[in-house]
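Take a look at the structure below.
Derivation of every value follows stated rules applied to the coordinates shown; laboratory data play no part. This one's a predicted model, so the numbers in the text were calculated from it and none came from an experiment. Don't worry about glycine lacking a Cβ; one is built from the backbone with ideal geometry, like all the others, and counts go over all protein chains shown.
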Amino acid sequence: MLKPLKRALNTASDLSNKSRHYAGNAFDRVFKAASLVQAGQTPFETLHTNGLVSLRYYPPLEDELVEIDGIFIPVERKAHKTPIVIIPPLAVNMLIYDLFPNRSLVRFLRAKGFEVYLIDWGIPQREHTHYNLHTYVAELLPDYLNRVREHSGEQELSLHGWSMGGMFTMFYSALSRDQHIRNAIVVGLPIDSHASGVLGMMYQRLAEISGAVYRRTGFHIHKVKPHWFHTPGWANTLGFKLTNPIGSAMGYWELLVRLGDREFVTNHATTSAFLDKMVAYPGGVVQDTLVRVWVDNQLAKGQIQIGDDFARLENVNANLLAIAGETDTLATPGAAKRIMDHVSSVDKTFQVAPGGHMGILAGSKAPKASWLALADWLAARSN
């Protein structure tokens, strides 16, 4: 009689401990999520800010080794000559580039011997709603790249742009004809937007409707005031998650299933710190991008209007590495590969990596699938 009773008591005790553990994880995830977040731990210096946009510099690491997705990488003390400037897209917060201590792009690049700079576009407010592609590509970006040159003492730069950051990279290079952009890395960049799967078909339809409206009424979207297109951060978060609604829902379902796994709960909180805190899009940028990139599909013809000028991709002759996500629905491999048809680069490479639009930059497979090859490619062209 005593043994069954003892087993029952032990079982009840185990269930009680597990319940407290699950409840503790649930409480922390809901009410103390900030304490779980591992992102943003790599130190940096702010070299300049205009009140909105700031320039970061990541100084040499103090560690001898860094772990990236289970791989231990010796920290290179001799820096490559050509600095790399990370040009993020708008709407995202900068945690995506420093998401986990063992999955941090800035930390990885610094460990591989690159002088790393990052342009943080900040959090646009309503007073910035008139900012458009020209503001970022022809005004802000040249100023901040010059500040990188002043700080580093090097004229030649490598640029790394993901998503809209890839657009900025290409548009700046094409518009300015800056011959000191030695290397350009673009990740998840749609060139033929009408080839981007279901979204591409939707934009084709919008193009037909827009054309018919213009022919009958003379109305064009660029005649609307930019402030009508200002998109708040919560809307960008929702829109990003709706590009993969099943995956977004499954993430929260998996959280419930694995609530007893403290490491998983911590990782979920860290990823959510990026996804749930996206920032606003200035209306002028939304207006320009919607019309010229998505609806009119200008890049498929090798050029895009920036203000009153045209940025022609044939003016780009930097060494080019273009990476597309195998399951990316925003910039499918077919939409991204068209860049190879338009740039004048002699040294150009196109690759498809596993992952969706976010996964190819900072997903769990990114370090082994693309970061290591990216660093080797860049190192060979940075001295």
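Taking a spot 7 Å from the Cα of residue 373 along the direction of its beta carbon, which residues of the stretch 144-175 have an amide N less than 12 Å from it? In the stretch 144-175, the label zone of residue 373 (backbone N under 12 Å from the point 7 Å along Cα→Cβ) covers no residue. In this simple spin-label model, placing a label point 7 Å from the Cα along the Cα-to-Cβ direction at both residue 277 and residue 219 gives a separation of 4.0 nm.
Extension gain, residue 48 to residue 305, is 89.6 nm, computed as 0.36 nm per intervening residue step minus the present C-alpha separation. Gyration tensor over the Cα atoms of the stretch 44-97: the corresponding equivalent ellipsoid has semi-axes (square roots of 5 times the eigenvalues, largest first) of 25, 16, 10 Å. With the biggest extent put first, the Cα atoms of the stretch 162-237 measure 47, 27, 27 Å across the principal axes.
Once the convex hull of all Cα atoms in the stretch 79-152 is built, its volume per residue stands at 93 Å³. Near the amide H of residue 159, within less than 5 Å, lie the amide hydrogens of 85, 183, 184, 185, all on another chain or at least 5 residues away, with H placed in the peptide plane. Counting only residues at least eight positions apart within a chain, or on another chain, the aspartates and glutamates with an alpha carbon under 14 Å from that of residue 112 are 62, 63, 64, 67, 76, 376.
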